[in-house]
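> Quick one: this structure, given as structure tokens, is what I'll be asking you about.
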Amino acid sequence: MTPVTRQEVLGLYRKIFRIAKKWQSASGQIEETIKEKEYIKNEAKTLFRKNKNVTDPKLIKQCIEECEARIEIGLHYNIPYPRPIHLPPMGLAHKQGRTLRRQEKLRKISKPIYLKSHDEVS
């Protein structure tokens, strides 16, 4: 990891914890706010620790983009949890070959960047 990339990753890590410190839940309830703050901190720790040994520059860039996307979406919608995607069960398959492998491949391709690591950790 280059020094510039390292600084960028550490900056994102600090930014997440600053956001968690100032976080207010949409409902305004203290219990919800505390629960969401803990979720933000735990999710950040888990994902950053999981990816600490990544050395491929493309994969590092993808992780940084996912982190930035999740931050922006969380702040915009005031929801710390990843926004789910809703796809019909056979909505992505071609009319001819509706095989399960093709369906799984299309679902993987269609998954938004901010959900790439969510299924692996949760």
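> Only residues that are open to solvent by 70 Å² or more (accessible area, probe 1.4 Å) and of a type in the set (Asp, Glu): list them for segment 38-88, please.
38, 56, 65, 68, 72
> Criterion first (over 17 Å from residue 75 (Cβ atoms), without any contact (Cβ under 8 Å) to a residue 24 or more places away in the chain and assigned to a helix (DSSP H, G or I)) does residue 45 satisfy it?
Working: over 17 Å from residue 75 (Cβ atoms): yes; without any contact (Cβ under 8 Å) to a residue 24 or more places away in the chain: yes; assigned to a helix (DSSP H, G or I): yes.
Yes, satisfied.
> Go through segment 19-37 and give me each residue that's surrounded by 14 or more Cβ atoms within 10 Å (Cβ to Cβ), part of a helix (DSSP H, G or I) and more than 16 Å from the chain's Cα centre (by Cα).
Start the filter on segment 19-37 by keeping residues that are surrounded by 14 or more Cβ atoms within 10 Å (Cβ to Cβ), which leaves 19-20, 23, 25, 33, 36-37.
Those still in the list that are part of a helix (DSSP H, G or I) too: 19-20, 33, 36-37.
Residue satisfying the conditions is 33 alone.
> Only one of (1) open to solvent by 70 Å² or more (accessible area, probe 1.4 Å); (2) of a type in the set (S, T, N, Q); (3) more than 17 Å from residue 82 (Cβ to Cβ) fails for residue 5. Which number is that?
Only one criterion is unmet by residue 5, namely (1).
> Sticking with this one: May I ask you to verify whether residue 16 is modelled with pLDDT of 90 or more and surrounded by 17 or more Cβ atoms within 10 Å (Cβ to Cβ)? Reasoning before the result, please.
On the way: modelled with pLDDT of 90 or more: yes; surrounded by 17 or more Cβ atoms within 10 Å (Cβ to Cβ): yes.
Criteria met by residue 16.
> Please identify the pairs in which a residue from segment 67-95 that is part of a helix (DSSP H, G or I) has its Cβ atom under 8 Å from the Cβ atom of a residue that is at pLDDT below 65 and open to solvent by 50 Å² or more (accessible area, probe 1.4 Å), counting only partners at least 6 apart or on another chain.
Qualifying pairs under 8 Å: 69/113.
The values are calculated or read from the model by the stated rules, or taken from the named source; none is laboratory data. Being a predicted model, the structure only gives us computed values, none of them experimental. Neighbour counts run over all protein chains shown; Cβ positions are idealised from the backbone, glycine included. Just so you know, the surface numbers come from the protein's heavy atoms only, side chains and all, with ligands and any DNA or RNA stripped out. Shrake-Rupley method; radii C 1.70, N 1.55, O 1.52, S 1.80 Å.
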